[in-house]
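Take a look at the structure set out below.
Derivation of every value follows stated rules applied to the coordinates shown; laboratory data play no part. Computed from a predicted structure; not experimentally measured. Cβ atoms come from the backbone with ideal geometry, glycine included; neighbour counts cover every protein chain shown.
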Amino acid sequence: MSAGVEVAALRVSYGAGEPALRDVTFTATEGHAVAVLGPNGGGKTTLFRALLGELPATAGTVRVHGVTAYVPQTERSRLDFPVSALDVALMGAYARTPWYRRVADGDRALARAALQRVGLGDRAGSRFGALSGGQRQRVLIARALVQDAGVLLLDEPFAGVDRASEEAIMGILDELRGEGRVLLIATHDVEHARRWDRVLCLAGRQVAYGPPGQTLTNEVLEATYGEEIVVLDCGHRAIAVQHHAHDHAH
Amino acid sequence: MGWLTDPLALPFMQRALLVTLLLAVAAGLLGTWIVLRRLAFFAHAVGSATFPGLVVAGPWGIAPPLAALGAGLGFAGLLSRMTRRGAASADAATGLLLTGALALGAILASDVYRAGSGVDRLLFGTLLGLGDGDLALAAAAAIAAVGATAVLARTWLATGFDPPGAEALGIRAARGDWLLLALLAVSVVAVLPAVGALLVSTLLVVPAATARLLTDSLGTLLAAAVGLAALEGVGGLLLAYHLDLPPGPAIAVVGGGAFGLAALATATRRPR
């Protein structure tokens, strides 16, 4: 699988105002997992939307090799929808299903295999909303596998997920990386970010990009999170704390 | 069986029955998507917003469906403008505009055009005086709903399930949404003669919301919504005939009763 992401001097603006994201330059090659770290509003979602082609680059270039899949946070999906785990996985085949046909039998088999692969082969018929947060996250990863994605953009895949599921998801992501897929994993958690090959720190602009050992320094984290960072240096554990702004504009 | 066969021997009741069944197909299918996409309040508001259009249709010499469609689209345009500019949240703006439209319609009807007793018919419908145009519109809405559901079900399902992720699946979500709103407007206009501007939800929301209580499968949901809309429509029609009630409110009462029964029956099974 030859997948990759090349971004050079990227700038993205919504309308005429200040750019939401600027000065982003990085390359992620086959088999790389990149943690995308930054505060809310730091540009993680904007970067993903630019990589998906949903937002045009105001300046710079974005090049993506391979089918790109977006794996949303499970809380963003509608849990009351009448869809089973299999139905959701099948959505990965919608783009290649002509409007006048049913989803092909081959794609149905693929969807079942993808659910099997994320450890949910026996839950194919379960209602999506009735699954646990971690199980739902795995169903959404299965959907990306049905899309045959070479590049996976994962939005906070560990948010609202229990410890056991977190380990299961880590294992799946490691496997996908081993197959040469490129993973971009948006996260708040500095400790998670240490596990991946590269870390991209965003705070409206690119603060740093590189291997975790070089990137996750106190200086970079402070530049990324401003004063919102609390670094607990007991056994190199660092947690980014999100504060809620209380200065309401009237 | 006289209670069933006697009314159906009358030509105007036969026509009312036919229109009701066609509307049940349109409203049951579209209603399922309206309920799943949480557009119920919007659909109700579009219905109310058609009222001033219906009032001026006669005096201005415009075909009522066109006048209603114009008013409904005007409402949608204003709503999108208000929410895009951040003037009000979507539900507050919807409430505001629907109240404004009803008030405007009432003033036009009572003080400008002195529409008199015709106002009741515009607000609550009449299945007992339907013309060829109403029948044709109901048939067109039914065909459009069947066709759109066949072609767009996957698009609507994926977009409704996961709005931020739909485009990334290769789905043309924006186009699908636009078509859904256009069909919503058409089906609102189609049900107006039967249930009136104030009661469009009777056919467009209530049967689908009732069906939603009973099933977790999309296919069953679509079929059940059409079936319920047909049963409630025909039941309301017969009730109206025998008790000399206006048909729109009669269908609304039957629909409300069915929803209540379904809610009671499922309350213990699936706490929500």
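Odds and ends about this structure:
- Label point at A:GLU6 placed 7 Å out along Cα→Cβ; residues across the range A:59-84 whose backbone nitrogen lies under 12 Å: A:61-65
- Here is what passes the span test in chain B: the DSSP H helices with alpha carbon length of 24 Å or more along the helix axis and a Kyte-Doolittle mean of 1.6 or above are B:11-36, B:173-195, B:218-243.
- Largest GNM mean-square fluctuation across B:ALA262, B:ALA194, B:ALA138, computed for chain B with C-alpha springs under 10 Å, falls on B:ALA262.
- Taking the convex hull of Cα positions in the range A:79-148, its mean projected area over all directions (nm²): 4.4
- Descending Cα extents along the principal axes, the protein assembly as shown, whole Å: 84, 52, 40
- Over chain A, relative contact order from alpha-carbon pairs under 8 Å, at least 6 apart, %: 27
- Vicinal HN-Hα couplings computed from phi for the range B:165-170 (Karplus, 6.51 cos²θ - 1.76 cosθ + 1.60; Hz; Gly/Pro x): x, 5, 4, 5, 7, x
- Cβ-defined net charge surrounding B:ALA224, 15 Å radius [Lys, Arg +1; Asp, Glu -1]: -1
- Rg over Rh for the range B:44-202 works out to 1.02, using Cα positions for both radii and the Kirkwood form for Rh.
- Using alpha-carbon coordinates, inclination of helix A:105-117 to the longest axis of chain A, degrees: 50
- Förster radius 35 Å - calculated FRET efficiency between A:ALA59 and A:ARG108 (Cβ-Cβ, nearest 0.05): 0.20
- Take the Cα of B:ARG38, step 7 Å toward its Cβ, do the same at A:SER132, and the gap between the two points is 2.7 nm.
- Peptide B:216-223 is shielded by partner chain Cβ atoms: per residue, an average of 3 of them sit within 10 Å of its Cβ.
- Take every pair of alpha-carbon atoms less than 8 Å apart whose residues are at least six positions apart; their mean separation over the length of chain B yields a relative contact order of 31 percent.
- Neighbour net charge for B:ALA40 - beta-carbon separation under 13 angstrom, K R +1, D E -1: +2
- In chain B, helical runs assigned H by DSSP with n ≥ 4 each contribute -39500 (n - 2.57); averaged across all residues and rounded to the nearest 500, the mean residue ellipticity at 222 nm is -27000 deg cm²/dmol.
- Chymotrypsin sites (Phe, Trp or Tyr not before Pro) restricted to DSSP loop in the range B:139-239 with at most 16 other C-beta within 10 Å: none
- Straightening the chain between B:TRP60 and B:ASP111 buys 16.8 nm, computed as 0.36 nm per residue apart minus the Cα-Cα spacing.
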